[in-house]
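Notes follow once the structure below has been shown.
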Amino acid sequence: MKLKMSDYTAMSTEDLRAMNNMIVGILRSRQNEKIEDIKDQIKVGSKVIVNHARTQGIIFTITEIRRKRATVKGQYGNSLNVPIALVTLVK
């Protein structure tokens, strides 16, 4: 079902808020599933890369894993707190 912009403008504010809450809930649950999948793969001491423009080509070592963020240590001793969703395990 594909809605047009006119369909959305015809909806009441309450309906739009309910739709927004439902969509945000679905997105959050998918993000949490992704984080849990990544957490299952990594552990302290794992070699990872961080999918961010500033960290291209640098391999990091995980030093701490928290609920949604991880602390990683770079090759030159620099530590970063990064979202787990940006971490990819190096095979």
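Going residue by residue through segment 4-19, is there one that turns out to be in a loop (DSSP other than H, G, I, E, B) and either under 14 Å from the mean Cα position of the chain (by Cα) or surrounded by 10 or more Cβ atoms within 10 Å (Cβ to Cβ) (or both)? Lay out the reasoning, then the answer.
Filtering segment 4-19 for residues in a loop (DSSP other than H, G, I, E, B) gives 4, 11-12.
From the residues that got through so far, the ones that are either under 14 Å from the mean Cα position of the chain (by Cα) or surrounded by 10 or more Cβ atoms within 10 Å (Cβ to Cβ) (or both) too are 11.
Yes, some residue in segment 4-19 is in a loop (DSSP other than H, G, I, E, B) and either under 14 Å from the mean Cα position of the chain (by Cα) or surrounded by 10 or more Cβ atoms within 10 Å (Cβ to Cβ) (or both).
For the condition modelled with pLDDT of 95 or more and among the hydroxyl-bearing types (Ser, Thr, Tyr), Thr63 qualifies. Using the structure shown, decide if Ser29 is surrounded by 15 or more Cβ atoms within 10 Å (Cβ to Cβ) and at pLDDT 95 or above. No: the conditions fail for Ser29.
Here is the figure for segment 28-80: residues that are out of contact with any strand residue (DSSP E or B) (no Cβ under 7 Å at 6 or more places or on another chain), polar (S, T, N, Q) and without any contact (Cβ under 8 Å) to a residue 12 or more places away in the chain total 4. Which residues, counting only those in segment 68-84, are open to solvent by less than 70 Å² (accessible area, probe 1.4 Å) and assigned to a strand (DSSP E or B)? Within segment 68-84, Ala70, Thr71, Val72, Leu80, Val82, Pro83 meet the criteria.
The values are calculated or read from the model by the stated rules, or taken from the named source; none is laboratory data. No experiment lies behind these values; they were computed from the predicted model shown. Backbone-built Cβ (ideal geometry, glycine too); neighbour counts: all protein chains shown. With ligands, DNA and RNA removed, areas are computed over all heavy atoms of the protein, side chains included. Shrake-Rupley method; radii C 1.70, N 1.55, O 1.52, S 1.80 Å.
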